[in-house]
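The values are calculated or read from the model by the stated rules, or taken from the named source; none is laboratory data. Everything quoted here is computed from the prediction, not taken from an experiment. So basically every Cβ, Gly included, is an ideal-geometry build from the backbone, and we count neighbours across all protein chains shown. Areas reflect the complete protein model, heavy atoms only, side chains present, ligands, DNA and RNA absent. Shrake-Rupley method; radii C 1.70, N 1.55, O 1.52, S 1.80 Å.
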Amino acid sequence: MSAVVTDVSRPCPRCGATLWSDPRFTSWCGECDWNVDPLAPEETSGRTAGHALTAGARRGDDSSPGPRHDEGSAHTLSRLSLITAYAVAMAVHGVTVVLAASAVWCVVRGWGGLGAPLGVVLMFLAWTVRPRLGRPPRDGQVIVRDGAPVLYGLVDEVAEVAGTRGVDVIVVDTDFNAGVQTCGVRGRRVLTLGLPLWEVLGPQERIALLGHELGHYGNGDTRRGILLGTALRSLHHWRYFLAPTPDPAPVEMLVNLLYLGPRVLVRGVLLLLDRLTANAGRHAEYEADVFASRAGSTEAAVRLMDRILLDEPVSTIVRREAQRLERELRRPGRKKETGQDASRLWEILADEVRAVPEHEYERRRRVSAARKHRADDSHPPTHLRRRRLLSGDPLTAAVVADDAREERVSRELADARRLLAAEIIRDGYAD
Ligand SMILES: [Zn+2]
Ligand SMILES: [Zn+2]
């Protein structure tokens, strides 16, 4: 591992201050933000010139629910939006009910033999767009409670802090992410932990992450998600059903034309639901962050935000090291202990992330502030979540990590770590 290098011989071309540089990361100026975001997307690259960056960041703050002032009216508005969203969701399911009822009616009336086929078509359509409950993720390794009592125990302990119960299933996958969802009629809770994220977190940061995820249950966020989630799934099936046929024959052209109206309507309703729930979604993320603080401490929650900013370098490291390990493990004369060796991928990743210098975190925070998040983004920008955490009184951890427990959790995850690393090494890593 190469040491951090402050390249004093290279001053900032814009203001002359000493650049923050490290050969593994972008050189940039902490004084004037020169080169802070060399990969800026088109729409922001113009704005990052000069000192517009800080102005842009300020604009971002004003439009976000981050700051605490004006919270009352923002809250009322987001409640109103949510109620409207529920009404829209009910209307979507109402259409399904009407379709099913019409189908029965057609069959009963008969209409000289025409009713039955029409009824079948309508029933088929109603079945296609019926409310569907979420399904557990298909990828990843399922960790059952019997095989991981310590990890489940940790989740239970964090859940208690969030005022909720633990989860029924834990799935470990290869995303730089984590999440909870409620599946099936029995409302089974599934917690998904992405190893690329989990492996780069410190023990207390992992507790903060669990606190955030279970916090979504604690604030009722996932419960209200069922009505909206089923409506969104129905709408996506409508959209699929109404999609225009490519290279249409004359008859299909007519159908495409006939579907144009409903197609625009479905797209409009999807967009409307998205807009109506975006605010509530962002609000729920901030609330879940409070549980992250409570469970793992504010300090750990803030550190978790920093790690989340590393999604792009983590992908790069995983991809690069997987390729390197693939070449190494393929070398002739090697014993077939691929599994054991594959797990090294996670250790290398954690080592590299531990060596990320503080100025790279600072750069990423500034980039997060400068790139204006899209209006449809359901997650608040990470730098605002971080700032919000820091704006309150710092909380101490309700659940404290200890080495013995850490060790046992990592032993419980050993099989999944090995299998998922081997999978990445074999198939490559796409994020
Ligand atoms: Zn400068
Ligand atoms: Zn969340």
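Does the range 240-263 include one or more residues that are under 21 Å from residue 155 (Cα atoms) and either open to solvent by 30 Å² or more (accessible area, probe 1.4 Å) or within 14 Å of ligand 2 (Cβ to nearest atom) (or both)? Lay out the reasoning, then the answer.
Taking the range 240-263 first, the residues under 21 Å from residue 155 (Cα atoms) are none.
Taking every residue of the range 240-263 in turn, none turns out to be under 21 Å from residue 155 (Cα atoms) and either open to solvent by 30 Å² or more (accessible area, probe 1.4 Å) or within 14 Å of ligand 2 (Cβ to nearest atom) (or both).
Where in the range 146-237 are there strands (runs of 3 or more DSSP E), lying wholly inside it, with at least 1 residues that are of a type in the set (Asp, Glu) and either away from ligand 1 (no atom under 16 Å from the Cβ) or buried (at least 18 other Cβ atoms within 10 Å of the Cβ) (or both)? Don't jump to the end; show me each part of the working.
Numbers: elements: 169-173, 178-183, 188-194.
Qualifying strands (runs of 3 or more DSSP E): 169-173.
Looking only at the range 265-299, count every residue that is more than 16 Å from ligand 2 (Cβ to nearest atom) and either open to solvent by 40 Å² or more (accessible area, probe 1.4 Å) or modelled with pLDDT of 90 or more (or both) and tell me the total.
Just the residues of the range 265-299 that are more than 16 Å from ligand 2 (Cβ to nearest atom), to begin with: 265-276, 297-299.
From the residues that got through so far, the ones that are either open to solvent by 40 Å² or more (accessible area, probe 1.4 Å) or modelled with pLDDT of 90 or more (or both) too are 265-272, 274-275, 297-299.
So the count comes out to 13.
Out of the residues in the range 26-49 that are of a type in the set (Val, Ile, Thr) and at pLDDT below 80, state the one that is farthest from ligand 1 (Cβ to nearest atom). Steps first, please.
Start the filter on the range 26-49 by keeping residues that are of a type in the set (Val, Ile, Thr), which leaves 26, 36, 44, 48.
Narrowing further to those that are at pLDDT below 80: 44, 48.
Numbers: 44: 19, 48: 13 Å.
The qualifying residue farthest from ligand 1 (Cβ to nearest atom) is 44.
Does residue 23 qualify as being within 16 Å of ligand 1 (Cβ to nearest atom), modelled with pLDDT under 85 and under 22 Å from residue 310 (Cα atoms)? Before you say what the answer is, go through the steps one by one.
Values: within 16 Å of ligand 1 (Cβ to nearest atom): no; modelled with pLDDT under 85: yes; under 22 Å from residue 310 (Cα atoms): yes.
Against the criterion (within 16 Å of ligand 1 (Cβ to nearest atom), modelled with pLDDT under 85 and under 22 Å from residue 310 (Cα atoms)), residue 23 does not qualify.
For the range 318-342, name all the residues that are modelled with pLDDT under 70 and open to solvent by 30 Å² or more (accessible area, probe 1.4 Å). Spell out the reasoning first.
Going through the range 318-342, the residues modelled with pLDDT under 70 turn out to be 332-340.
Of everything in the range 318-342, those that are modelled with pLDDT under 70 and open to solvent by 30 Å² or more (accessible area, probe 1.4 Å) turn out to be 332, 333, 334, 335, 336, 337, 338, 340.
Looking only at the range 9-23, which residues are without any contact (Cβ under 8 Å) to a residue 24 or more places away in the chain, open to solvent by 20 Å² or more (accessible area, probe 1.4 Å) and either within 16 Å of ligand 2 (Cβ to nearest atom) or under 36 Å from the mean Cα position of the chain (by Cα) (or both)?
Residues of the range 9-23 without any contact (Cβ under 8 Å) to a residue 24 or more places away in the chain: 9-19, 21, 23.
Checking the rest, the ones that are also open to solvent by 20 Å² or more (accessible area, probe 1.4 Å) come to 9-11, 13-18, 23.
Scanning the range 9-23 gives a single hit, 23.
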